[in-house]
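Data first, discussion second: the structure below is written as structure tokens.
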Amino acid sequence: MEEIKIFAPASVANVSCGFDVLGFCLGPVGDEMVIRKSSTQGVTISKIEGQDLPYDVKKNVAGVAAETLLTSYPIDYGFEIEIYKKIKAGSGIGSSAASAAGAVFGINELLGKPFSPHQLIAFAMEGESVASGAAHADNVSPVLLGGITLVRSINPLDVISLPTPKELTAVILHPKIELKTMHAREILKKNVPMEKAIQQWGNLGAFVSALYKEDYELLSRSLKDEIVEPMRSLLIPEFESLKNASLNAGALGFGISGSGPSVYALTKGMDKAKKVSEGIKKIISPIGIDFEIHLSNINNQGLKIISSQ
Ligand code: ADP
């Protein structure tokens, strides 16, 4: 195989009770990438369409992730990467993760799959550190493993795939305002009161159990964030009204996707997702901000090969 074209999906991280640990992979929203072998050693980014992002391999998450993989697998040829961006960088639905995970997935395929998906997470994480200043795995894990994942630890890396209840559906609202990850991080308090921590780990444990039991009611009761949402939601216009509208329309839960500005709701089934989307539109339309809404199944496959030659 000389060349591969792949679909690199968007993802939702932070997932309410799972700040920095839970993530899930989205279906229809994502970038495309072409990766091909080249006779020159190392990695080059030869084309980026759809957005203004760095061609410098040291500044592009795809380049850093790819170079990290190659330091563990020395070869006498290299790779050229083309990125066709559909997921807006900084939207909070894992734009950088799609590129980092896509680069290592594509190269691994062209090398004959020497690395497992779990090993690829470690390389992709290094790419992510260029985007946010710290290596984190909560977006790249669901993209590389598919479905819903829990990052128990990043050092040593320990990522667990969780089961996806069949009818679980996501609604994503991307209000097109700029919210820098750095700013969203700065407003977080460093300490968590014991009482809030107890609520949060109770909810996280219950959420995981709900996934195994396909218990949508328990899932709904546990999809709460007592720690981060109260602070970060202040940065998102009409957050409380959007949340109320979603819950009133039948959402199981509603929260911030990544570090925002995107927000997500989970529902049981596509019909409910459509109702939630209507509820969201009624709140967001009058305030005059450009926005996009995506309805998506939970993508259990993750990255996908479109073609190869
Ligand atoms: P998101 O959650 O949408 O990925 P981040 O803030 O984590 O948002 O990442 C976006 C940052 O990463 C931007 O500063 C962007 O310039 C940088 N970046 C570098 N390479 C890429 C890439 N290939 N795709 C997306 N963002 C990239």
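The values are calculated or read from the model by the stated rules, or taken from the named source; none is laboratory data. Computed from a predicted model, the values in this text were never measured in an experiment. Heads up, the Cβs are rebuilt from the backbone with ideal geometry, glycines too, and the neighbour counts pull from every protein chain shown. We work out accessible area using only protein heavy atoms, side chains counted, and drop any ligands, DNA or RNA first. Shrake-Rupley method; radii C 1.70, N 1.55, O 1.52, S 1.80 Å.
In this structure, does Gly18 turn out to be within 30 Å of Gly202 (Cβ to Cβ), modelled with pLDDT of 95 or more and more than 14 Å from the ligand (Cβ to nearest atom)?
When the stated conditions are applied, Gly18 passes them.
One line per residue, one yes/no per condition, for (1) within 12 Å of the ligand (Cβ to nearest atom); (2) under 29 Å from Glu292 (Cβ atoms); (3) over 16 Å from the mean Cα position of the chain (by Cα):
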| site | (1), (2), (3) |
| --- | --- |
| Ile6 | no, yes, yes |
| Ala13 | yes, yes, no |
| Gly23 | yes, yes, no |
| Gly27 | no, yes, no |
| Thr71 | no, no, yes |
| Ala89 | yes, yes, no |
| Ala103 | yes, yes, no |
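Among the residues of the range 49-60, count how many are surrounded by 13 or more Cβ atoms within 10 Å (Cβ to Cβ), over 20 Å from the mean Cα position of the chain (by Cα) and more than 7 Å from the ligand (Cβ to nearest atom). Please lay out each step first, then the result.
The initial filter retains those residues of the range 49-60 that are surrounded by 13 or more Cβ atoms within 10 Å (Cβ to Cβ), namely 50-51, 53-55, 57, 59-60.
Adding the requirement that they be over 20 Å from the mean Cα position of the chain (by Cα) leaves 54-55, 57.
So of that shortlist, the ones also more than 7 Å from the ligand (Cβ to nearest atom) come out as 55, 57.
Number of matching residues: 2.
Given Thr44, Thr40, which one is in a loop (DSSP other than H, G, I, E, B) and either surrounded by 13 or more Cβ atoms within 10 Å (Cβ to Cβ) or of a type in the set (Val, Ile, Thr) (or both)? Don't jump to the end; show me each part of the working.
Working: Thr44 fails: in a loop (DSSP other than H, G, I, E, B).
The conditions single out Thr40.
The range 218-297 holds no strands (runs of 3 or more DSSP E) entirely within its bounds that carry 3 or more residues that are over 14 Å from Leu173 (Cβ atoms) and in contact (Cβ under 8 Å) with a residue 40 or more places away in the chain.
When Ala10 is tested against (1) open to solvent by less than 40 Å² (accessible area, probe 1.4 Å); (2) assigned to a helix (DSSP H, G or I), just one condition goes unmet, and that condition is (2). The residues of the range 62-121 that are without any contact (Cβ under 8 Å) to a residue 60 or more places away in the chain, hydroxyl-bearing (Ser, Thr, Tyr) and part of a loop (DSSP other than H, G, I, E, B), listed by number, are Ser72, Tyr73, Tyr77, Ser116.
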